[in-house]
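**Q** Quick one: this structure, given as structure tokens, is what I'll be asking you about.
The values are calculated or read from the model by the stated rules, or taken from the named source; none is laboratory data. Nothing here was measured: the structure is a model prediction, and the numbers come from that model. Backbone-built Cβ (ideal geometry, glycine too); neighbour counts: all protein chains shown.
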Amino acid sequence: MENFSFYSPTKFVFGKETESRCGALVKEFGGSKVLIHYGGGSVVRSGLLDRVKKSLTEAGVQFCELGGVTPNPRSGKVYEGIELCKKENVDFILAVGGGSSIDSAKAIALGVCYDGDFWDFYSGKARPKKALPVGTVLTIAAAGSEGSGDSVITHENGMLKRGASGECIRPKFSILNPQLTTTLPAYQTACGATDIMAHVFERYFTNTTDVQTTDRLCEAVLLSMIEETPKVIKDPNDYQARANIMWAGMVAHNNIVGVGREQDWNSHGIEHELSALYDCAHGAGLAVIMPAWMTYVVDHNVMRFAQMACRVWNCKMDFSDPKKTALEGIAAFRSFLKSIGMPINFSELGAKESDIPYLVKTFGLGETGKTGGFVQLTSKDVENIYRLAL
Ligand code: NZQ
Ligand code: ZN
């Protein structure tokens, strides 16, 4: 295991009707004028937005609002939010929604405290150091942004999807009420489940040895997802299954399962080009890319893949041919994704083979560049993985 420090100071308030506490929580973290930031209308239709406003009003917290965040959130909404916050003297941003609303809120939080263009943090020109405090009321278990110090935004100029990371954008609090996720369509639920599993796999495939504790934590999250996801696809109102998935989504990405080990993250980078170009759901893109990536890199450490196959997918170890076991595990992952309604190839996703050169180019490795923790990939490897996903 490698040395690490782990500091994850988000306050999580979990359970039924907990959104009623958001006003008090904003006050606890020093907010007096809030920007409520939300997406395309699900929180309006469900009545959640009204309940959030009621809670803020009861706590004596002033607010203004900005809705309209799209999935794969765009820079235009961020610029709008920064301007509004400055005009209204906002001192706290409350995201009500999924990863997209939360990531957009984090970007606004950074932009308000910065003299330059907020995109500097996403293009790698500047490092996040200061931001307005952010809180969240989560409505979908997926991205894990409710507990992460990450934000992913697509710039409309060039449709580049890029991430920024920093402790200052980790939410001060997150309200996780599993009841709020019962209105999700089955497809969106499955996209979220795929993303949660992908966050674990990005950490599970590592070159670091002697990481039993985090290996076992990863496997526990994956096993729970395999058990609980079909339940909510069948019955969207299964509260206990929704609750387990919601907590899994947070655990999968606040890095408690990834400390002390090298991580990969190439599947995410390769997927982000798909969701930037086709505006598909991030989880759906991962369902197409991650099994292809696994197949492409399996030889790098056959025994690690065989371990996944046996411990997560209940495959029987073939000691005479461990690669066979490893491939069975990857096939089991793909079948699971298919069973919950995920696309598993380019055409099911609506992606085109002819776009592969463009995808590789925007991935932006150049001729000699390499990326990834578990296996270092070149542009040619990235192209091969897109082709494997056809
Ligand atoms: O916009 P509304 O109307 O709210 O509808 C949303 C949206 O259409 C809908 N939805 C959310 N909660 C709902 C609901 N519909 C009915 N009932 C509910 N309770 O679901 C759709 C997707 O929402 P979105 O916020 O886009 O989902 P998700 O949480 O999957 O976020 C995806 C974004 O997060 C990024 C992804 O790349 C993508 O842009 N990621 C962020 C990460 C982070 N910040 O740490 C890490 C991830 O790996 C990921 O890259
Ligand atoms: Zn993800």
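**Q** For Val90, indicate whether it is at pLDDT 95 or above and assigned to a loop (DSSP other than H, G, I, E, B).
**A** So Val90 fits the description; yes.
**Q** Step by step: first the residues of segment 225-250, then only those that are under 29 Å from Gly166 (Cα atoms) and without any contact (Cβ under 8 Å) to a residue 40 or more places away in the chain, then the one that is farthest from ligand 1 (Cβ to nearest atom). Which residue is that?
**A** Here the answer is Asn244.
**Q** Checking Asn89 against (1) surrounded by 15 or more Cβ atoms within 10 Å (Cβ to Cβ); (2) at positive phi; (3) touching a strand residue (DSSP E or B) at 6+ places or on another chain (Cβ under 7 Å): exactly one of these is not met. Which one?
**A** Unmet for Asn89, out of (1) surrounded by 15 or more Cβ atoms within 10 Å (Cβ to Cβ); (2) at positive phi; (3) touching a strand residue (DSSP E or B) at 6+ places or on another chain (Cβ under 7 Å): (1).
**Q** Have a look at Glu80, Glu65 and point out the one that is outside any strand (DSSP E or B), surrounded by fewer than 18 Cβ atoms within 10 Å (Cβ to Cβ), away from ligand 2 (no atom under 16 Å from the Cβ) and at pLDDT 95 or above.
**A** Testing whether each residue is outside any strand (DSSP E or B), surrounded by fewer than 18 Cβ atoms within 10 Å (Cβ to Cβ), away from ligand 2 (no atom under 16 Å from the Cβ) and at pLDDT 95 or above leaves just Glu80.
**Q** Right, next: Give just the number: which of (1) in contact with a helix residue (DSSP H, G or I) (Cβ under 8 Å, 6 or more places away or on another chain); (2) surrounded by 24 or more Cβ atoms within 10 Å (Cβ to Cβ); (3) under 30 Å from Ile245 (Cβ atoms) does Gly144 not satisfy?
**A** Every condition holds for Gly144 apart from (2).
**Q** Kindly provide the set of residues from segment 251-272 that are touching a helix residue (DSSP H, G or I) at 6+ places or on another chain (Cβ under 9 Å) and within 11 Å of ligand 1 (Cβ to nearest atom), ordered by number.
**A** Of everything in segment 251-272, those that are touching a helix residue (DSSP H, G or I) at 6+ places or on another chain (Cβ under 9 Å) and within 11 Å of ligand 1 (Cβ to nearest atom) turn out to be Ala252, His253, Asn255, Trp265, Ser267, His268, Gly269, Glu271, His272.
**Q** Collect the residues in segment 231-270 that are buried (at least 20 other Cβ atoms within 10 Å of the Cβ), in contact with a strand residue (DSSP E or B) (Cβ under 9 Å, 6 or more places away or on another chain) and not β-branched (Val, Ile, Thr), keeping them in residue-number order.
**A** Ala243, Met246, Gly249, Met250, His253, Asn266, His268, Gly269
**Q** Further question on the same structure: Among the residues of segment 163-188, count how many are in contact (Cβ under 8 Å) with a residue 60 or more places away in the chain and more than 8 Å from ligand 1 (Cβ to nearest atom).
**A** 14
**Q** From the set of residues in segment 27-62 that are of a type in the set (A, V, I, L, M, F, W, C) and assigned to a loop (DSSP other than H, G, I, E, B), which is nearest to the chain's Cα centre (by Cα)?
**A** Step by step, filter segment 27-62, then rank; the result is Phe29.
**Q** Any residue that is over 24 Å from Glu156 (Cα atoms) and modelled with pLDDT of 95 or more - is there at least one of those in segment 353-369?
**A** no
**Q** Suppose we filter Gly15, Gly40, Gly76, Gly30 for residues that are free of Cβ contacts under 8 Å to residues at least 40 places away in the same chain and assigned by TED's automatic domain parsing to the domain that holds Cys113; which single one remains? Quick ask: steps written out before the conclusion?
**A** Working: Gly15 fails: free of Cβ contacts under 8 Å to residues at least 40 places away in the same chain; Gly76 fails: free of Cβ contacts under 8 Å to residues at least 40 places away in the same chain; Gly30 fails: free of Cβ contacts under 8 Å to residues at least 40 places away in the same chain.
Exactly one of Gly15, Gly40, Gly76, Gly30 is free of Cβ contacts under 8 Å to residues at least 40 places away in the same chain and assigned by TED's automatic domain parsing to the domain that holds Cys113, namely Gly40.
**Q** Could I ask something else about it? Inspect segment 129-147 for any residue being of a type in the set (Ser, Thr, Tyr), over 18 Å from Val69 (Cβ atoms) and more than 8 Å from ligand 1 (Cβ to nearest atom) and give the result as yes or no.
**A** No, the conditions are met nowhere in segment 129-147.
**Q** Would you call Gly124 within 13 Å of ligand 1 (Cβ to nearest atom) and closer than 30 Å to Thr362 by Cα?
**A** Against the criterion (within 13 Å of ligand 1 (Cβ to nearest atom) and closer than 30 Å to Thr362 by Cα), Gly124 does not qualify.
**Q** Condition test on Pro71, is it touching a residue at least 12 places away in the same chain (Cβ under 8 Å), under 29 Å from Lys54 (Cα atoms), under 19 Å from the mean Cα position of the chain (by Cα) and within 16 Å of ligand 2 (Cβ to nearest atom)?
**A** Judged against the criteria, Pro71 is a match.
**Q** To continue, here is another question. Restricting to segment 119-153, name every residue that is of a type in the set (S, T, N, Q), closer than 16 Å to Tyr79 by Cα and within 14 Å of ligand 2 (Cβ to nearest atom). Let's see the steps before the verdict.
**A** Step one: of segment 119-153, the residues of a type in the set (S, T, N, Q) are 123, 136, 139, 145, 148, 151.
Adding the requirement that they be closer than 16 Å to Tyr79 by Cα leaves 123, 151.
Answer for segment 119-153, where residues must be of a type in the set (S, T, N, Q), closer than 16 Å to Tyr79 by Cα and within 14 Å of ligand 2 (Cβ to nearest atom): just Ser151.
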